[in-house]
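K.L.:
Can you read through this structure? Questions will come right after.
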Amino acid sequence: NVIVEKLDSQTKEALEGAAFTCYEWTGNGWLSAGSLKWDSEEKDYRLFGLKYSDKNQGKFKVQEVQNPSGYAGNWEEEFTLTEPGTVTRKYQAENTRVKGRITISKTDAGTDQPITGAVFQIKAKSDICTAGGTVLVKGGTVVDTVTVKNGSAVSKELELGTYLIQEIQPAPGYLLNGKSQEVVLSSGNREVSVKVQNTKNQMIIQKISKGDGTVLPGVM
């Protein structure tokens, strides 16, 4: 029998969603002996009934062939059955959570030229959890604050999840763009770019008639 516990490398919680294959030796290569099945009560992966034979000489190996969603890592373990009777081999395999980054591009709304100096906040839109349900980041938490230089700013590494990007300080000479944008970091989209444009500050003077308030054109 072979049992594998799949754990988050940081929280040490059990992870569902991985896939393991057990192989047995044939004398000149490895042949699949079956897949390990997730046991929802024991929170591990199991395969029973491996048997010693003259052909395999008791040589087996277990290999992770699929990571849980949002995780990365490689794991395999080779073992040899030499003891008589029923033997259970139990292993622990850890995976590291995959993270992502957000790039913010900042340009002039009129010229599309890059600008410098705007400050953005990145917040978690809702709770961000591990595959096992542990809350990593509570909704509404500010996870990063970045300042745009030469038209671009890159966040630190962030947990996969949904974020809100909002400008909290405009570039000098520009109006604040207070609209928030939603960004989703996922296993298949770990590098996300967001483009934000700003309008320059403007002063508009209207000349009107003191008597009736009529706008007077042509005033220099």
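The values are calculated or read from the model by the stated rules, or taken from the named source; none is laboratory data. Quick caveat, the model's predicted, so the values are computed rather than measured. Cβ: placed from backbone, ideal geometry, glycine included. Neighbour counts: every protein chain shown. Areas reflect the complete protein model, heavy atoms only, side chains present, ligands, DNA and RNA absent. Shrake-Rupley method; radii C 1.70, N 1.55, O 1.52, S 1.80 Å.
K.L.:
Among the residues of segment 158-182, what is the count of those that are on the phi < 0 side of the Ramachandran plot, loosely packed, with under 12 Cβ neighbours inside 10 Å and not in a strand (DSSP E or B)? Steps first, please.
P.N.:
Keep residues of segment 158-182 that are on the phi < 0 side of the Ramachandran plot, which gives 158-160, 162-172, 174-182.
Now drop any that are not loosely packed, with under 12 Cβ neighbours inside 10 Å, which leaves 172, 178-179, 182.
Cutting the leftovers down to not in a strand (DSSP E or B) gives us 172, 178-179.
Counting residues in segment 158-182 that are on the phi < 0 side of the Ramachandran plot, loosely packed, with under 12 Cβ neighbours inside 10 Å and not in a strand (DSSP E or B) gives 3.
K.L.:
Residue by residue through segment 118-144, note down the ones that are closer than 25 Å to residue 170 by Cα and outside any loop (DSSP other than H, G, I, E, B).
P.N.:
Of everything in segment 118-144, those that are closer than 25 Å to residue 170 by Cα and outside any loop (DSSP other than H, G, I, E, B) turn out to be 119, 120, 121, 122, 123, 124, 142, 143, 144.
K.L.:
Give me the pairs: first residue in segment 66-87 and under 18 Å from residue 18 (Cα atoms), second residue open to solvent by 70 Å² or more (accessible area, probe 1.4 Å) and in a strand (DSSP E or B), beta-carbon distance under 9 Å, and six or more apart or on different chains, which are they?
P.N.:
71/96; 72/96; 73/94; 73/96; 75/94
K.L.:
Scan segment 16-27 and give yes if some residue there is open to solvent by 40 Å² or more (accessible area, probe 1.4 Å), among the charged types (D, E, K, R), within 26 Å of residue 97 (Cβ to Cβ) and touching a residue at least 12 places away in the same chain (Cβ under 8 Å), otherwise no.
P.N.:
yes
K.L.:
Would you mind stating whether residue 204 is aliphatic (A, V, I, L, M), at pLDDT 90 or above and open to solvent by 80 Å² or more (accessible area, probe 1.4 Å)? Give the steps one after another, and end with the answer.
P.N.:
Values: aliphatic (A, V, I, L, M): yes; at pLDDT 90 or above: no; open to solvent by 80 Å² or more (accessible area, probe 1.4 Å): yes.
Spelling it out, it is not the case that residue 204 is aliphatic (A, V, I, L, M), at pLDDT 90 or above and open to solvent by 80 Å² or more (accessible area, probe 1.4 Å).
K.L.:
Within segment 51-65, identify whether any single residue is within 13 Å of residue 92 (Cα to Cα) and β-branched (Val, Ile, Thr), and answer yes or no. Walk me through how you get there before you give the answer.
P.N.:
Here is the first cut: in segment 51-65, the residues within 13 Å of residue 92 (Cα to Cα) are 62-64.
Subset that is β-branched (Val, Ile, Thr): 62.
Yes, there is a match, as at least one residue in segment 51-65 is within 13 Å of residue 92 (Cα to Cα) and β-branched (Val, Ile, Thr).
K.L.:
Name the residues in segment 1-15 that are loosely packed, with under 15 Cβ neighbours inside 10 Å, touching a Ser or Thr at 6+ places or on another chain (Cβ under 7 Å) and under 17 Å from residue 74 (Cα atoms), would you?
P.N.:
9
K.L.:
Could you grab me the full set of residues in segment 125-143 that are under 18 Å from residue 181 (Cα atoms), free of Cβ contacts under 8 Å to residues at least 40 places away in the same chain and either surrounded by 15 or more Cβ atoms within 10 Å (Cβ to Cβ) or of a type in the set (D, E, K, R) (or both)?
P.N.:
127, 128, 143
K.L.:
I'm trying to understand the selection: among the residues of segment 54-89, which are open to solvent by 40 Å² or more (accessible area, probe 1.4 Å), farther than 27 Å from residue 130 by Cβ and in a loop (DSSP other than H, G, I, E, B)?
P.N.:
Residues satisfying the conditions are 54, 55, 57, 82, 83, 84, 85, 86, 88.
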